[in-house]
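Here the structure is laid out as structure tokens; the discussion comes afterwards.
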Amino acid sequence: MKRPTLKEAARFKERVRHSRVSSIQSIVTWSFSVMIVIAIGTVAFLLHDKFSASAERSAFTSSSQIVDQVSYNLEDYVRGLSSFYRAIEQNLLDKGRWDGSEVDTQLDTLMGSRDDIVSIALFAEDGTLLKNRPAAELRPSANVTGQGWFQAALRVPDHLGFSLPHIQNLYKGGYPWVVSMSKRVTVQQDGQAQEVILLVDINFKQIDELCSRISLGRQGYAYIIDEGAGNIVYHPQQQLIYMGLKRENVEGALVSSGDYVEELDGERRLVTVKSVANIGWKIVGVSYLDELLTTREEVNRYLVRVVAASLVLVLLFGMLLARSIIRPLKRVEKMMRSVERGQFDVELPVEGPLEVERLSRRFNLMVHKIRQLMGQIVLEQESKRRHELEALQAQINPHFLYNTLNSVVRMAAMSRGEEVVTMITSLSKLFRISLSQGRTLISVKDELEHAHHYLTIQQLRFGRKFTFAIRATEEAERCRTLKLVLQPLLENAIEHGLEYSADEGRIEVQAFVEDGVLTLLVEDNGAGMAPEAAALLLSGERGSAEAPERRPSRTGKGSGVALRNIHDRIRLNYGAAYGLEFRSELEEGMTVTVRIPAEAAEEEIDDEKQP
Amino acid sequence: MKSSLERLGRRSFARIRRLRGLSAGSPDSAWLSARLPAALLLLPLLAAAGCSGSAAPAAPPPPRLAALIAPQSDGALAGAIRLGAEAAAKEFGYRLDYVEKEAGRPGEGQAEAASRALKEGAEALLLDPDGELQLAEVVKLAHAAGAAVITLSDAYPVDGVASAVTIDNREAGRQAGAAMAELLGGYGRVAVLGADSSAPGYEERHAGVLEELARHPAITVTEGYSCGSSSDGCSEAARQLMDEADGIVALQEQGVLSSARESLRRGASSEVKIVGFGSETEQLELLQDGVIDRLVVQSGFNAGYLGMRQADRLLRGEKPEARVALATKAVSPDSMFWMDNQKLLFPFVK
């Protein structure tokens, strides 16, 4: 059971190998697909590289742009605050008087112009509150002199300092986050110089919101550090950092400016640092590189999908392409097969691609040539046959000559001189027409004359045992015919029809033209034959044609054969529509009809003049 | 009235966004960088085959939803928890709903809010439970909906809580006890103003305070007073204790406030040392003024942040820690305005 299946499998594999894999169709399909996919893959790879690089670059650019913008905004904001501070300074300190409702109104107007001012306060050098707006009671536990902004103002006179964001704890009623602007100013009051410290507290919310809104990708953020000490001014996760749940590489940002990539807690981050003028802060933008990698992965996945889709498309396209190439070739193959089977009258339509068109044309030429050669062979065979037949025809039966001469001798011995003359004359004429200068076609007139001489001789030989008559229309006489067509027919009529007949025999030869067909009739009243047998005379094999012969032939050659030869000669010369026809009834005689196309013979007379 | 800064900020952001759009590539605009190679590569082929379906890059999945259930008392701690949870949700890529209970239904507040959140499709519920029964009900609802429950700040022995982010109450109590011992110089009478709540956290705190004070043999401890969240009861208790003790350790916010007010009322406030728990604004003001001497504080921000981090682990299929301990810290009037304590005590920028 197993061996045959194995063998079958092997055969199947072989067939597949031959029919599929090595076929042009699959070669075209696969090579086309592989080529395109390699091309697409290469382009995809190159583009992917380029795009990843440019995505990374633009991430760097956009990150630094964002940080730049924030920094500009912050600078702008700080500038605005500075001028606001100057305005308050002028209103409050220029005249050296800060009491009175006029100053209060001015300050309130100024504060009303901005919604980010928490409070304004003026302190003496020892921390005593001189004035504040909005007016509020200073907490006894405020510890003004210990505050950072106070000490900073004391340290550097006439310099506007910005504090880090801190909790304002000067007044009751809440702990707002503020950034303090403070400056130590020398004021002339009542002719006395006095050192005062002007404090303006700004709500930190604006800066906080500005920073918390910054989005650097999904996870990215920005924070602010103080350039001097590296304190965190703002950080979205400041509490986590204080509690040690998060780390921030502040040192790295502190010493650098511009872009750099760092690794913190196993994550690669792009850090962009930008200083903010006037306030001494640095904005640090952080974005996560693995988000960029996500972008890259997405591009990857997309490219894979594209390549897969294009592979399918290309396969389909390749198959169609291959099929369109293969189809005309298959047509050629089919045609060749039918030629192989012997069908030569085929013709390939000349169409399709150039090569196929050429192939079709060559194929057609080849088939045409074969057809031509075969036609030639047929022609050659036919003419060979014709010549054979003619040669046979042209042979004068030696028996006939021998018998005739014997009859002449016998007549001479019996001194029947007149008959001898008639006989010799007929014989001579007979031979002259038989030769006819080797021509195959002679006029009907000559043919009939030949028949006449033949019948005369035979009549003399057989002692006038039969009579004959030859009738021909003039039109028929002028026609041409194959020579010696009638003689075998006459011989047949005499030998088989009349020789054994008890009655006086009669042979009648007629020639006439009917519908363009020259008809020669040989009619006898001899033994005849059955109509079925007569019908069989020309058909079938030579053997079967011999079977219905009426009598054994004395000529040593079946008269059936002779009749057939004539029939063949006519058909070889004029085509299948022409030839012999037999009509017979047993004991009633026989009529043989020769049908030949009527063709006029012009030079007949000239021929006769030439010996 | 909008400030000039905000206006400027908005304008420049819009400009940046435009710029980024033009340069076709930024970490968060993946589709832009993905679209161009597509167009270059296969536009004719794809267009011919109508294969545009594969051309659109996969949209990022919508963020998963977590819900933070508001507690009954909407104080500073609750706000800080919310801030922290929101910070973590942004960091880990979640959408966080803050679900407040509906007004006028005090009894079933958290459970009702939880069922609303679950209806919205929340996969994790974060809450500072109002009580054990409330929590049990929330857990039941969440389990029915296939969601996880994470408790913040307070822990109750309820089964089915995936993770509890809570302060170590015993350690907090120890810190309070140590602070009191330090204030008294290791000598004196200390009264513990207990809580009327049955929450296990307060008992732990209590135990921690006693444990620490017991290490100082010269300190005697008075127990037995407790007060709840009503100021009347607490004032009464505080008044009595003021006469008996050199220092009061109050376990609950109301107790701290009542003691401080009593101390203020008597004037010359620093006589009786007050140590308490909590970081509500009023407590902080009293701390600054020196009426309260020490406050043991926890970071609500951290509680929210760590709770959300646990939720993230849980939703990613990892096993969360059953218990996450939050650090506590004793703050004095001097140290309350230190840089690192400012953020802890005042998480809001108003």
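Observations, loosely collected:
- Solvent-accessible surface, computed for protein heavy atoms with a probe of 1.4 Å, shrinks by 20 Å² or more for the following residues of region A:116-140 when the other protein chains are added to the isolated chain: A:R139.
- Under a model in which nothing but the beta-carbon of Lys, Arg (+1) and Asp, Glu (-1) is charged, the protein assembly as shown shows a dipole of about 3600 debye around its Cα centre.
- Across the alpha-carbon atoms of region B:223-298, the computed radius of gyration and Dmax are 10.8, 30 angstrom.
- Shielding of A:304-310 by partner chains, average beta-carbon count, 10 Å: 5
- Residues whose placed amide H lies under 5 Å from that of A:Q194, excluding near-sequence neighbours: A:V187, A:Q188, A:Q189
- Ranked packing of A:216-223, A:92-99, most packed first, by mean Cβ within 10 Å: A:216-223, A:92-99
- Interface burial in region B:311-349, defined as at least 30 Å² less accessible area with all protein chains than with the chain alone at a 1.4 Å probe, covers B:F337, B:M339, B:D340, B:Q342, B:K343, B:F346, B:V349.
- The relative contact order of region B:155-253 comes to 37 percent, based on Cα pairs under 8 Å that sit 6 or more residues apart.
- Residues whose amide H falls under 5 Å from that of A:L518, counting only those 5 or more places apart or on a different chain, are A:I596, A:A598, with hydrogens built in the peptide plane.
- Alpha-carbon centroids, region A:344-399 and region B:67-142: separation in whole Å: 104 Å
- Along region B:175-192 the Karplus relation, 6.51 cos²θ - 1.76 cosθ + 1.60 evaluated at θ = phi - 60°, assigns HN-Hα couplings of 4, 5, x, 5, 4, 5, 4, 5, 4, 8, x, x, 8, x, 10, 10, 9, 9 Hz to successive residues, with x for each Gly and Pro.
- Under-5 Å amide H pairs with A:A601, H placed in peptide plane, nonlocal only: A:C479, A:R480
- Counts of other chain beta carbons within 10 angstrom of each beta carbon in peptide A:57-70 average 5.
- Among residues other than A:D515 with Cβ under 13 Å from its Cβ, the summed charge is -1 (Lys and Arg +1, Asp and Glu -1).
- Ordered by solvent-accessible area of protein heavy atoms (1.4 Å probe), largest first, the residues A:V200, A:V261 come out as A:V261, A:V200.
- Pairs beyond 23 Å (Cα-Cα), from A:K172/B:K90; A:K246/B:K343; A:K384/A:K483; A:K131/A:K282; B:K101/B:K140; A:K282/B:K329: A:K172/B:K90; A:K131/A:K282; A:K282/B:K329
- Using a cutoff of 8 angstrom between alpha carbon atoms and counting only pairs six or more residues apart, the relative contact order for region A:21-341 works out to 21 percent.
- Loop sites in region B:124-192: GluC sites (Glu not before Pro), DSSP, at most 14 other Cβ within 10 Å: none
- Ranked by solvent-accessible area (1.4 Å probe, protein heavy atoms only, all chains present), the residues A:V179, A:V307 order from largest to smallest as A:V307, A:V179.
- For region B:286-294, 3J(HN,Hα) computed residue by residue from phi via the Karplus equation (6.51, -1.76, 1.60; θ = phi - 60°) reads 5, 5, 4, 7, x, 6, 8, 9, 9 Hz, glycine and proline entered as x.
- Surface share of carbon and sulfur [accessible, 1.4 angstrom probe, percent] for chain A: 54 percent
- Exposure of A:K334 as accessible area (Å², to 10), given a probe of 1.4 Å and all protein chains: 150 Å²
- Rounded if a/c under 1.5, otherwise prolate or oblate - region B:169-298, Cα gyration tensor axes: rounded
- Chain B and chain A together bury an accessible surface of about 6000 square angstrom, both sides counted, with a 1.4 Å probe and no ligands or nucleic acids included.
- Rounded Å value of the spacing that divides the Cα centres of region B:248-265 and region A:415-469: 172 Å
- Reduction of at least 30 Å² in accessible surface, 1.4 Å probe, comparing all protein chains with the chain by itself, residues of region B:282-308: B:E285, B:Q288, B:D289, B:F301, B:N302, B:Y305
- The alpha-carbon atoms of region B:148-191 define a convex hull whose volume equals 71 cubic angstrom per residue.
- Computed over chain A, relative contact order equals 9 percent, with contacts defined as Cα pairs under 8 Å that lie 6+ residues apart.
- Anchor A:K445: aspartates and glutamates whose Cα lies under 15 Å away (excluding residues fewer than 8 positions away in-chain): A:E474, A:E475, A:E477, A:E599, A:E602, A:E603, A:E604, A:D606, A:D607, A:E608
- Probe 1.4 Å, all protein chains present, accessible-area order of A:E477, A:E380, A:E262, largest first: A:E380, A:E477, A:E262
- A:R305 exposes around 80 Å² of accessible area when a 1.4 Å probe is run over every protein chain in place.
- Over all pairs of different C-alpha atoms in chain A, the reciprocal of the mean inverse distance, the Kirkwood hydrodynamic radius, equals 38.4 Å.
- Heavy atoms of the protein chains alone define the surface here; on that basis the protein assembly as shown has 49 Å² accessible area per residue at 1.4 Å probe size.
- Euclidean distance between Cα centres, region A:64-84 to region B:294-350, Å: 32 Å
The values are calculated or read from the model by the stated rules, or taken from the named source; none is laboratory data. Owing to the predicted nature of the structure, the values given are computational and were not obtained by experimental measurement. For neighbour counting, all protein chains shown are included, and Cβ atoms are generated from backbone atoms with ideal geometry for every residue, glycine included. When the accessible area is computed, the model is the full protein with side chains, heavy atoms only, and any ligands, DNA or RNA have been set aside. Shrake-Rupley method; radii C 1.70, N 1.55, O 1.52, S 1.80 Å.
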